[in-house]
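Below: one structure, written as structure tokens.
The values are calculated or read from the model by the stated rules, or taken from the named source; none is laboratory data. No experiment lies behind these values; they were computed from the predicted model shown. Cβ coordinates were reconstructed from backbone atoms using ideal geometry, including for glycine residues, and neighbour counts include every protein chain displayed. All accessible areas refer to the heavy atoms of the entire protein, side chains included, with ligands and DNA or RNA removed. Shrake-Rupley method; radii C 1.70, N 1.55, O 1.52, S 1.80 Å.
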Amino acid sequence: MTDLHRIIWLASYPKSGNTWMRSLLAHYFMPKGTAPDINNLRQFTTGDSRADFFAAASGGEYQAQSIEDWVQVRRKALRLIAGSKPNHHFVKTHSAPIEFMGQQLIPNEVTAAAIYILRNPFDVALSYARHASSDVDTAIERMGARENIMGSPHHIYDVLGRWDEHIATWVNASGLAVHLVRYEDLLTKPGPTMRQLLEGFLKVKVDAPKLAYAIKSTSFEAMRRQEEKLGFAERPAGMAQFFAKGQAGAWRDDMTAAQVARVRELFLPAIERWYPEMLSDTAAVATQA
């Protein structure tokens, strides 16, 4: 039997920097000048929501009408994705690695490792609201809902669940090698953060000029200019701009005290673990609610 343990998952909750990470890795690993633009990242990575793989897994046409139909096809689609390249390759996912309707959403049989991209929940809530064309309060409640699932027009789904439990299921997944990257660290110290990922986790000797080129080529401003010029195929309908701010700390200006307090109420243990430096500032704002 062919060994399909080839997928290195690029996992994240939505709006946490997955597209940025995919672009960074593409610009680093591909020959200079050949890395794809934001609309053609599938030349380097792929994703577990590709309709063409689901069609192939269905025998030529994917006609799912329900989430139950999607679950039944997903495992075969993932095997096709794993087998689409001869060696280890990166695959984007927003789904949690859990058992859902009797199926493992991230099956061990196709998995080699995972990179988890994490962003603080205050800024995720703001960006997620824009992504889902909802108000911030609704986005916060969705992030705190265990039944939170995103769907596409093709009836392909992302089983998200709660923001904090999404992280926990990935970093604590039994037998899975996982490397966690904080979005905020990519912003403030991209070189050391990527070195730790490349050398420490992927065991790739870093070429310093190539890394500097990749970081410069995938700055937020560079990606926003691409979107302005080319559009962005992954931008949800109704969303004005996918690359809107790309910063840390937008919550200070764009969230109410009550919203900050609600995020803390929902996710305090995870904030204490992953963002201890935010505890005092967010507590000070929350007390004004």
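The label point for Ser133 and the one for Arg146, both projected 7 Å from the Cα toward the Cβ, are 3.1 nm apart. Put the Cα centre of region 136-213 next to the Cα centre of region 85-103 and the gap is 13 Å. The largest accessible area among Ser58, Ser127 belongs to the first residue in Ser58, Ser127, and the rest follow in falling order (1.4 Å probe, all chains).
Rolling a 1.4 Å probe over the protein heavy atoms gives the chain an accessible area of 46 Å² per residue.
Of the solvent-accessible surface of region 83-176, computed with a 1.4 Å probe and all protein chains present, 48% belongs to carbon and sulfur.
Which of the following values of Cα extents along the principal axes in Å was calculated from the structure shown: [x] 49, 46, 36; [y] 72, 59, 29; [z] 60, 47, 40? The listed entry that was calculated here is [z]. Trp274 exposes around 50 Å² of accessible area when a 1.4 Å probe is run over every protein chain in place.
Considering only DSSP beta bridges whose two residues both sit in region 54-205, what percent are antiparallel, to the nearest 5? Roughly 50 percent of the beta bridges in region 54-205 run antiparallel, per DSSP. Judged by the mean number of other Cβ atoms found within 10 Å, the most tightly packed of the peptides 139-146, 190-197, 174-181, 114-121 leads the ranking 114-121, 139-146, 190-197, 174-181.
Computed extension gain for Arg195 through Asn87, at 0.36 nm per residue and net of the alpha carbon distance, reaches 36.7 nm.
The helix-only estimate of mean residue ellipticity at 222 nm for the chain, built from DSSP H runs of length n ≥ 4 each weighted as -39500 (n - 2.57), is -13000 deg cm²/dmol after division by the residue total. Across the cross-link table entries Lys15/Lys85; Lys76/Lys210; Lys76/Lys189; Lys76/Lys205, which are compared at the Cα atoms, the separations over 32 Å belong to Lys76/Lys210; Lys76/Lys189; Lys76/Lys205. Measuring with a 1.4 angstrom probe and ignoring ligands and nucleic acids, Phe100 comes out at about 40 Å² accessible. The accessible area of Asp137, taken with all protein chains in place and a 1.4 Å probe, comes to roughly 80 Å².
Ordered from largest to smallest accessible area (heavy atoms of protein chains, 1.4 Å probe), the residues Tyr62, Tyr28 come out as Tyr62, Tyr28.
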